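Quick one: the structure is below, and I'll ask about it shortly.
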Amino acid sequence: MLMTDPKLKLEICYLLSGSMAIVSFALLYQSRMAATINTFAVHALLLGLVVALQADIQAEHNLYLTAAIAVLFKAIAIPLALHFIIRKFDLHRTIEMVVSPGLTMTAGLGLVVVAVMVMRPVTVHSDALVTADLIFAMVVLLLGILMMITRRNAITQVVGFMSLENGLILAMAGVHGMPLVVEISVALTVLVACIVFGMFFFRIRERFSSLDIRHLESDGRVSQ
Amino acid sequence: MAIISESLVQLLQVLLVIGIAPGLTGLIRWVKARLQRRRGPPLLQAYYDLARLSRKEVVMAEHASWLFRSVPYLAFTSVWTAAALVPTFSTSLLFGPAADLIALVALLGSARFVLALGSLDIGTSFGGMGASREMMIASLAEPAMLMVVFTVSIFAGTTFLPAAAEVVRNHHAIIHVSMLLIVITMVIVALAENARIPVDNPATHLELTMVHEAMVLEYSGWYLALIEATASIKLVLYLSLFSCLFLPWGMASANSTAVEVLAGIGIWIGKLGLGGILLAVFETCIAKMRLFRLTDLIGGGFLLGLLSVILMYVFGNI
Amino acid sequence: MSLLADLGAIQPIHFALIIPAVAAGILVLIPGYRLGSQINIVSSFLTLLNALAIFHTRPEPNYYLFVDDFNIYLVVLTDFISFTTSAFSASYLAHEKETGRLTRGYARFYHAMFQCMILSMNLALLSNSLGLMWVAVEAATMTTVIMVGIYRTEAAIRASWKYFMLTSLAISLALFGITLIYFTASVTIGSGPAALAWTVLRDNANLLDPAVLNVAFVFAFVGFGTKVGLVPCHAWLPDAHSEGPTPISAVLSGLLLNVGLYALLRFKMIIVGNGLALEPGPLMVGVGLVSLLFGSLMLYRRWDIKRLFSYSSIEHMGLITFAFGMGGPLANLAGLLHMVMHSLTKSAIFFVVGHVAQVKGTQDMAKIRGLTTSHPVIGWLLVVGVISICGLPPSGLFMSEFLLITTTFSREPILAVILVLGLLIALGNLIPRLHALAFGVPEGNLEPLKTAIWPLVLHLGLVLGAGLYLPEPLFAWFQHVAAMLG
């Protein structure tokens, strides 16, 4: 690669994974749906960069494939699909949240402390980069869960889930030599692609209140 | 010899800070006007304004007390002192040992405090409204500023500003995650403290949208000149602080020659100009926020600052 | 990919995966539902025969797939119940097509997804690599999510969405646990596929870092525990079981919960190998008891018949978790027996319930009365099924519950009291319901229904037979597995 100084590569890797955690916070703060999807695209792009850098540091070439999947699908294809769904079904543009963004971000800060406290004894014998990687991965994971919990809208819940997956892939890329990383990340991407496709196909509107009557297959069922 | 060079540098800084400040304000107004496709006032208009105001007669309310009359002097002195302490083009100043980050925050806080008191002194409703809004913003912006101070101090191991600048310069600190976070926090705090868009519109004439202007609505003549000068120096101070903490290259140090000091002055003026232009562009691109959304913005800045302190504490040795 | 290179020659164990995959591929192309359901049945039968073949001739374990005593019985059980469910679904689908609830295109989709589900469950049970097991559980979740929402009503889509969200979240947490286990194994054992293989991890468990194992087990417990339906992560279960087609409810209750529990137990076996790590027993006992009591109490005012039995699934899964948490040879044996008996009985009940709902056209229990008078075969089979699931003799469930209660009483009497309390509450809730459903004056549609009864009879027969007499070699074999579980 162009940069040959190993310490510089480590510092940039650390900076990028930290930036992923910051963008997770930014995801919690957004109040418009289009901005959320674009912020998520940045999140996936950062993931691609981190994984590519880890591939270079660890000399694991199949991580390049994971990075390419992250950039192509999660940074480009899925955000485009979600923008298309929003426009086509004319969904609400503002995001309804369960609690205010300030309270959510404070809870997110608490989760950062939890992540640090849980991962400290786990990584006490490891080198600095793996420690940073695992702690930031857990932060992104917990913030993704927080985002899923504090959102009422189906699309923003899916974005929260995808940001959680990014944290998982960050963790998997950080531990050296994990086999099946490419297969697992493909499985995760296929899962999300199926759900996005299903949302389009099944026409899930927010809060399921305006489902098209033509598509109700029968009316004999009693629902609870 | 060192004492003489240090005191010369200090004197130069004290004079330059008050001399450059109206020019910076004028530059920002000119750039904003040009971006809005107006001709705009000439660059030196701020100097002409200050001269005009100092010639005018002071009109005061009947119930104004000694506090109202002394507030402009107190605020101006605090901010001028703070601006004189921040290393702008050289890190070796005569009063350098007093340049403690927390002391700076305290000086700025006391300036804001006396301004608020002065606005409450007259008893008009606009004064009270401005003071309460300013204090609401300050209650969030000051902790955020302190988070910035803590992060830098943990990284540099000291709150002494010239030493912190040296450490940042030597360690390529800018690519550290916490420094990235506090750059964002510092930008938000600077916008809030200097009453810039998106927090407050400095050019507004509608009283209900004012925050800072509402506090100083009653001042006129020489007092108003002092207060406008205070605002300009505060902007210079924040830009210098930003460049000292995050872009410390180009500053002269203890054993520099006169040529290097002059080069330092030139670089500093360049940084101020660049900062002013960027601020003007940013203000033109973005809209002023509703007052009650400011808590989200500045609170978000505070939380980012707190996050950076936590991360610096955990990862400080990377 | 490295996976294919390591697999080597094709062995019988691979047919457990190849047969469903090929069948799924064929079924996507078959338009008619009748031919599709017949191919479904044939393929499931072949998979079952293959499972019995593996039972006799164990292949060599490698890092990706392996067979030991614990998973082979689950594989045979899974393939058996899939076979009987495919037979049931053939007649069920015939009726659905007549009423128009399921269109032609969806029938082929449904059959292909059914085979994909069998494939992923077999892979989850047979895999040695934790990563591969995770991918298989994820695939099983996905296929069932699609099938739960297949009716495309608002309630079905809502149930399918909730199911997807909760279980995917849980599975992601489980993946983090797996990553952490790999992390500590790669540091102590060496990186590469060996560090992710369960056999290697179990053998070297005391070399792993206990702090990391604790965190990893908690993540895996929360993740796979949600798939098992343990309280408090059970919220997806009642909706998913009640809104999907009945064959899917049968498979979910009978098979997928078992797969989740299997994954949990594999993690438990790793962590008990390390003396310094936390004891998983008390955690499993506590969560199991809470699930048991919760499930029993929630049986009280249900009015949808499928939801009633899905809460019963939560209750039984809590009981099994409690049994494995207690540990020791007798409790483990009880847990294993209960897993088998519960799968057979619950799927049989769902078969009956499916036919009942089809005949009466509703799932509302207030509208179903007097089944033994109007439809005697189905009605009496329902009576036998519910009596079995309540744990009354001579059902096989009585045997495993009795074993569990006696061994718990001799070790922790208070827990035994709570256990019996939960079981009695469930009994008290289910029997009056059964009485209302099965006896009395018939209501609603009284036409007869053409159904395939033999899967029902087979399941219930096996359960009752096992309750009366369990062959000696089978019993000894279960005891051997119980000893393995530790």
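If I ask for residues that are free of Cβ contacts under 8 Å to residues at least 40 places away in the same chain and more than 16 Å from the chain's Cα centre (by Cα), which ones from region A:123-165 would you list?
Scanning region A:123-165 gives A:THR123, A:VAL124, A:HIS125, A:SER126, A:ASP127, A:THR131.
Now for a different question. Within the group C:ILE72, C:ILE18, which residue is more than 30 Å from C:GLU154 (Cβ to Cβ) and either touching a helix residue (DSSP H, G or I) at 6+ places or on another chain (Cβ under 7 Å) or of a type in the set (Gly, Ala, Ser) (or both)? First the steps, then the outcome.
Numbers: C:ILE18 fails: either touching a helix residue (DSSP H, G or I) at 6+ places or on another chain (Cβ under 7 Å) or of a type in the set (Gly, Ala, Ser) (or both).
On inspection, the qualifying residue turns out to be C:ILE72.
(1) part of a helix (DSSP H, G or I); (2) within 14 Å of chain A (Cβ to nearest Cβ): which one isn't true of B:MET289, the others all being true?
It fails just one condition, (1).
Tally up the residues in region B:183-227 that are within 17 Å of B:ILE286 (Cα to Cα) and either touching a helix residue (DSSP H, G or I) at 6+ places or on another chain (Cβ under 7 Å) or not in a helix (DSSP H, G or I) (or both), please.
Going through region B:183-227 one residue at a time, the tally reaches 16.
Mind checking which residues of region C:340-376 are within 14 Å of chain A (Cβ to nearest Cβ) and among the aliphatic types (A, V, I, L, M)?
C:ALA357, C:VAL359, C:MET365, C:ALA366, C:ILE368
Can you name every one of the helices (runs of 4 or more DSSP H) wholly within region A:1-120 that holds 1 or more residues which are buried (at least 21 other Cβ atoms within 10 Å of the Cβ), at the interface with chain B (Cβ under 10 Å from one of its Cβ atoms) and in contact (Cβ under 8 Å) with a residue 40 or more places away in the chain?
Numbers: elements: A:6-29, A:33-58, A:62-69, A:78-89.
So the answer is A:6-29.
Here are some residues: B:GLU166, B:GLU142, B:GLU134. Which one is closer than 22 Å to B:GLY250 by Cβ, in a helix (DSSP H, G or I) and among the acidic types (Asp, Glu)?
Answer to the selection: B:GLU166.
Next question, about the same structure. I'm trying to understand the selection: among the residues of region A:170-186, which are more than 16 Å from C:ALA216 (Cα to Cα) and either at the interface with chain C (Cβ under 8 Å from one of its Cβ atoms) or surrounded by fewer than 24 Cβ atoms within 10 Å (Cβ to Cβ) (or both)?
Within region A:170-186, A:HIS176, A:GLY177, A:PRO179, A:LEU180, A:VAL181, A:VAL182, A:GLU183, A:ILE184, A:VAL186 meet the criteria.
Could you check C:GLN358 against (1) surrounded by fewer than 24 Cβ atoms within 10 Å (Cβ to Cβ); (2) closer than 27 Å to C:VAL259 by Cβ and say which number it fails?
The number of the failed condition is (2).
Please indicate, with yes or no, whether at least one residue in region B:36-46 is under 20 Å from B:GLY273 (Cβ atoms) and touching a residue at least 60 places away in the same chain (Cβ under 8 Å).
yes
Follow-up. For region B:52-65, which residues satisfy the criterion of being within 27 Å of the chain's Cα centre (by Cα) and free of Cβ contacts under 8 Å to residues at least 12 places away in the same chain?
B:ARG52, B:ARG55
Which residues, counting only those in region C:291-342, are of a type in the set (Asp, Glu) and part of a helix (DSSP H, G or I)?
C:GLU315
When you check A:ILE145 against the structure, is it modelled with pLDDT of 90 or more and either at the interface with chain C (Cβ under 7 Å from one of its Cβ atoms) or in a loop (DSSP other than H, G, I, E, B) (or both), yes or no?
Here the answer is yes, as A:ILE145 does meet what is asked.
From the residues in region B:123-145 that are of a type in the set (A, V, I, L, M) and surrounded by fewer than 19 Cβ atoms within 10 Å (Cβ to Cβ), which one is farthest from B:LEU241 (Cα to Cα)?
So, considering only residues that are of a type in the set (A, V, I, L, M) and surrounded by fewer than 19 Cβ atoms within 10 Å (Cβ to Cβ), the one farthest from B:LEU241 (Cα to Cα) is B:MET129.
If the requirement is being crowded, with 18+ Cβ neighbours inside 10 Å and small (Gly, Ala, Ser), which of these qualifies: B:ALA195, B:ALA163, B:ALA203? Quick ask: steps written out before the conclusion?
Working: B:ALA163 fails: crowded, with 18+ Cβ neighbours inside 10 Å; B:ALA203 fails: crowded, with 18+ Cβ neighbours inside 10 Å.
Unique residue meeting the criteria: B:ALA195.
With the requirement that a residue be loosely packed, with under 14 Cβ neighbours inside 10 Å, within 17 Å of B:ILE122 (Cα to Cα) and among the aromatic types (Phe, Trp, Tyr), what does region B:18-72 give you?
B:TRP66
Here's another thing I want to ask about it. Failed condition for B:TRP249, given (1) part of a helix (DSSP H, G or I); (2) surrounded by fewer than 18 Cβ atoms within 10 Å (Cβ to Cβ); (3) away from chain A (no Cβ under 14 Å); (4) touching a residue at least 60 places away in the same chain (Cβ under 8 Å), with all others met?
Looking at each condition in turn, B:TRP249 falls short on (1).
When region B:191-210 is examined, which residues are found to be modelled with pLDDT of 85 or more and either under 30 Å from A:LEU8 (Cβ atoms) or out of contact with any Leu (no Cβ under 8 Å at 6 or more places or on another chain) (or both)?
Result: B:LEU191, B:ALA195, B:ASP200, B:ASN201.
In addition: Right, B:PHE150: touching a residue at least 24 places away in the same chain (Cβ under 8 Å), crowded, with 16+ Cβ neighbours inside 10 Å, over 18 Å from the mean Cα position of the chain (by Cα) and within 27 Å of B:LEU311 (Cβ to Cβ) or not?
Against the criterion (touching a residue at least 24 places away in the same chain (Cβ under 8 Å), crowded, with 16+ Cβ neighbours inside 10 Å, over 18 Å from the mean Cα position of the chain (by Cα) and within 27 Å of B:LEU311 (Cβ to Cβ)), B:PHE150 qualifies.
Can C:VAL481 be described as in a helix (DSSP H, G or I), closer than 22 Å to C:SER347 by Cα and either touching a residue at least 40 places away in the same chain (Cβ under 8 Å) or over 25 Å from the mean Cα position of the chain (by Cα) (or both)?
So C:VAL481 fails the test.
For (1) crowded, with 20+ Cβ neighbours inside 10 Å; (2) in contact with a helix residue (DSSP H, G or I) (Cβ under 8 Å, 6 or more places away or on another chain), each residue gets a yes or a no:
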position: C:LEU382; (1), (2): yes, yes
position: C:SER388; (1), (2): yes, yes
position: C:LEU392; (1), (2): no, yes
position: C:PRO432; (1), (2): no, no
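Now for a separate question. Testing B:THR295 on (1) more than 9 Å from chain A (Cβ to nearest Cβ); (2) in contact (Cβ under 8 Å) with a residue 24 or more places away in the chain; (3) not hydrophobic (A, V, I, L, M, F, W, C), one condition comes back false. Which one is that?
Unmet condition: (1).
Determine whether region C:180-192 contains at least one residue that is surrounded by fewer than 24 Cβ atoms within 10 Å (Cβ to Cβ), in a helix (DSSP H, G or I), under 24 Å from the mean Cα position of the chain (by Cα) and not aromatic (Phe, Trp, Tyr).
Taking every residue of region C:180-192 in turn, none turns out to be surrounded by fewer than 24 Cβ atoms within 10 Å (Cβ to Cβ), in a helix (DSSP H, G or I), under 24 Å from the mean Cα position of the chain (by Cα) and not aromatic (Phe, Trp, Tyr).
In region A:155-169, what residues are out of contact with any Phe, Trp or Tyr (no Cβ under 7 Å at 6 or more places or on another chain) and either facing another protein chain (nearest Cβ under 10 Å) or not in a helix (DSSP H, G or I) (or both)?
Those that are out of contact with any Phe, Trp or Tyr (no Cβ under 7 Å at 6 or more places or on another chain) and either facing another protein chain (nearest Cβ under 10 Å) or not in a helix (DSSP H, G or I) (or both): A:GLN157, A:VAL158, A:GLY160, A:PHE161, A:LEU164, A:GLU165, A:GLY167, A:ILE169.
For region B:169-182, which positions are surrounded by fewer than 19 Cβ atoms within 10 Å (Cβ to Cβ) and either more than 13 Å from chain A (Cβ to nearest Cβ) or outside any helix (DSSP H, G or I) (or both)?
Residues satisfying the conditions are B:ARG169, B:ASN170, B:HIS171, B:HIS172.
The values are calculated or read from the model by the stated rules, or taken from the named source; none is laboratory data. Remember, it's a predicted structure, so these values are computed and weren't measured experimentally. Don't worry about glycine lacking a Cβ; one is built from the backbone with ideal geometry, like all the others, and counts go over all protein chains shown.
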